[in-house]
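Below is one structure, written out as structure tokens; comments come after it.
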Amino acid sequence: MKELTEEDLNSVLLNKGDIRRRHISKVVEEVQKVTQQLTAYVSTQDLRFQTIANTGIHSDSLKDQPDLLAHWTVLLRGRRILHPSIQVVAPSQFLVTVPLRGLSGFRQRSTRRWRYYTPSGVRLLTPVMEPEKLHQWLEVEQFQKSTPHWHESDVNIQGDLLPARVVSVFQALLHRAISSCNLSDKVSVMDCFGPATKVHIETSMQSVEVELVPMIEIPGYWPKKARWPRFLKRWPSKDRAQCVKSFGFDLLARSNYHWQLSFLRAERLLLETMDEDGGCRMKCLRVLRQMKEDIWCPGNHPVITSQHLHMIVLWACEKHPTTKSWQDFVKCFLRLVRQLLKCTRQRFLRHYFVRRANLLKYADATQMDVLATKLTQFLQCPSIESSLNKGSSSVC
């Protein structure tokens, strides 16, 4: 059987990667158009929600920090990036963040208090569970400036901003938006468990599942839970690390009580600039993603998503910081595959910025076993042709 060569990997990028990129770009364009229309309507009904057009460099939070905005624009000038609100989790699974307005001047709160209420406001006899590693409570008093709407009971209980209540308000407005924007033939709301808002959107290319998540952007502040960069690490450089931290983080409404920390701006900046020394990191990531989607873990709800692959590559960049370590395309790609296999077998993948958080903690064990088997077979005989012949239609 033919061994894996650089020509094989380049062929994947040429024959499949370019097709994928064009396909995804077209789908993203249509999803963006629909979600922008929906969120624009929601924003007219409730000023706390903004259209997705006001995300990233267009966000109200960054407009107050012109130096930061200018720096971000310069760093990503000429680089091809998707809409800042849209994350491609899988080819038919997207995450769209909906920015919130009226909260600024975030500050960390160190005091601790127990909560004794449900999202509906019912009094509990025992306290609610504390947040996990990537989550936190959020009190309206943690913002130096907050509009009166955030103190109202539809989103606030005992001074806490509850994600479940924010999502509930958003869902009600979204239903009205679909009807008012005459999008009932294109958009349908899915039944979801917990505080999640998912819709099916029919594009000209395919039907996609889109999760719409309210988000608070917090630029210029780095959370204490993210103890990064790590001491004596050579990648990224100190200047780049400080630059990344200056763009802050986000809080996503994805659970009942606790807001989820998100570092999308930091991830994108590191990934988009990681090959400035002429290495092959991005090429490896693109082939890894293509193999994952086509062969190792296909399907609409893969157990391994694009974010997992981003984490694996970022950890590899830190572990192998030199330019020399990223010159041999085949060697670097196989190194990433071995790391993916290790994480799959151990059911353990640290978040790059909050290393105490395990991103595979709740992953489906059966799907992980199937993926581990496929990766093992590939590494035993690392050939693209062999992988294709082993039956890529099975879903992990």
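The values are calculated or read from the model by the stated rules, or taken from the named source; none is laboratory data. On a predicted model such as this, the values are computed, not experimentally measured, just so you know. Note that we place each Cβ from the backbone using ideal geometry, even for glycine, and neighbour counts take in every protein chain shown. Accessible surface is based on the protein model in full, side chains and every heavy atom, while ligands, DNA and RNA are left aside. Shrake-Rupley method; radii C 1.70, N 1.55, O 1.52, S 1.80 Å.
List of remarks:
- Base-10 log of normalised Debye intensity for the stretch 197-296 (one unit scatterer per alpha-carbon) at q = 0.18, 0.22 Å⁻¹: -1.09, -1.16
- From phi via Karplus (6.51, -1.76, 1.60), per-residue ³J(HN,Hα) for the stretch 126-141 in Hz, x at Gly/Pro: 10, x, 6, 4, 5, x, 7, 4, 9, 10, 7, 5, 9, 9, 4, 6
- Relative intensity, log₁₀ I(q)/I(0), of the chain from a Debye sum that treats every alpha carbon as a point, q = 0.09 Å⁻¹: -0.57
- For PHE263, the accessible area of its heavy atoms, probed at 1.4 Å with every protein chain present, is near 0 square angstrom.
- A 1.4 Å probe run over the protein chains yields, for the stretch 245-367, 37 Å² of accessible area per residue, whole-number rounding.
- On a per residue basis, the convex hull of the C-alpha atoms belonging to the stretch 257-314 measures out at 94 Å³.
- Anisotropy class of the stretch 141-250 from Cα gyration tensor, a/c 1.5 cut: oblate
- Largest-first principal axis extents, alpha carbons of the stretch 175-224, Å: 45, 25, 22
- Accessible area of the stretch 161-265 belonging to carbon and sulfur atoms, whole % at 1.4 Å probe: 49
- Protein-only accessible surface order, largest first, of ARG356, ARG101, ARG338 at 1.4 Å: ARG356, ARG338, ARG101
- Here's how it looks for PHE106: its modeled amide H is under 5 Å from those of GLN144, which are all 5 or more places away or on a different chain.
- Close amide H partners of LEU161, meaning residues 5 or more places away or on another chain with modelled amide H under 5 Å apart, are LEU138, GLU139, VAL140.
- Rounded to whole numbers, the Karplus 3J(HN,Hα) couplings from phi for the stretch 83-89 are 3, x, 8, 10, 10, 8, 6 Hz, using 6.51 cos²θ - 1.76 cosθ + 1.60 with θ = phi - 60°, and x at Gly and Pro.
- In the stretch 157-222, the chymotrypsin sites (Phe, Trp or Tyr not before Pro) that fall in loop regions by DSSP, at most 13 other Cβ within 10 Å: PHE193
- Listed residue pairs exceeding 22 Å between alpha carbons, taken from LYS198/LYS283; LYS319/LYS342; LYS245/LYS342: LYS198/LYS283; LYS245/LYS342
- Per-residue accessible area (protein heavy atoms, 1.4 Å probe) orders LEU232, LEU314 as LEU232, LEU314, starting from the largest.
- For MET190, MET205, MET129, MET311, the ranking by accessible surface with the largest value first comes to MET129, MET205, MET190, MET311, using a 1.4 Å probe.
- Ligands, DNA and RNA aside, ASP369 has an accessible area near 80 Å² when probed at 1.4 Å.
- Separation of alpha-carbon centers, the stretch 1-24 and the stretch 177-247, rounded to whole Å: 28
- Karplus-derived HN-Hα couplings along the stretch 189-199 (A = 6.51, B = -1.76, C = 1.60, θ = phi - 60°), whole Hz, x at Gly and Pro: 7, 8, 6, 10, 9, x, x, 10, 10, 10, 10
- Taking the Cα atoms of the stretch 126-198, the ratio Rg/Rh between the radius of gyration and the Kirkwood radius comes to 1.06.
- Adding -39500 (n - 2.57) for every DSSP H run of four residues or longer, then dividing by how many residues the chain holds, sets the calculated 222 nm ellipticity at -12000 deg cm²/dmol.
- Area accessible to solvent at LYS342, 1.4 Å probe radius, in Å²: 100
- Long-range HN-HN contacts of ARG115 with modeled amide H, under 5 Å: VAL128
- Rg [Å, one decimal], Dmax [Å, integer] - the stretch 250-396, C-alpha atoms: 15.7, 48
- With contacts taken as Cα pairs under 8 Å at a separation of at least 6 residues, the chain carries a relative contact order of 18 percent.
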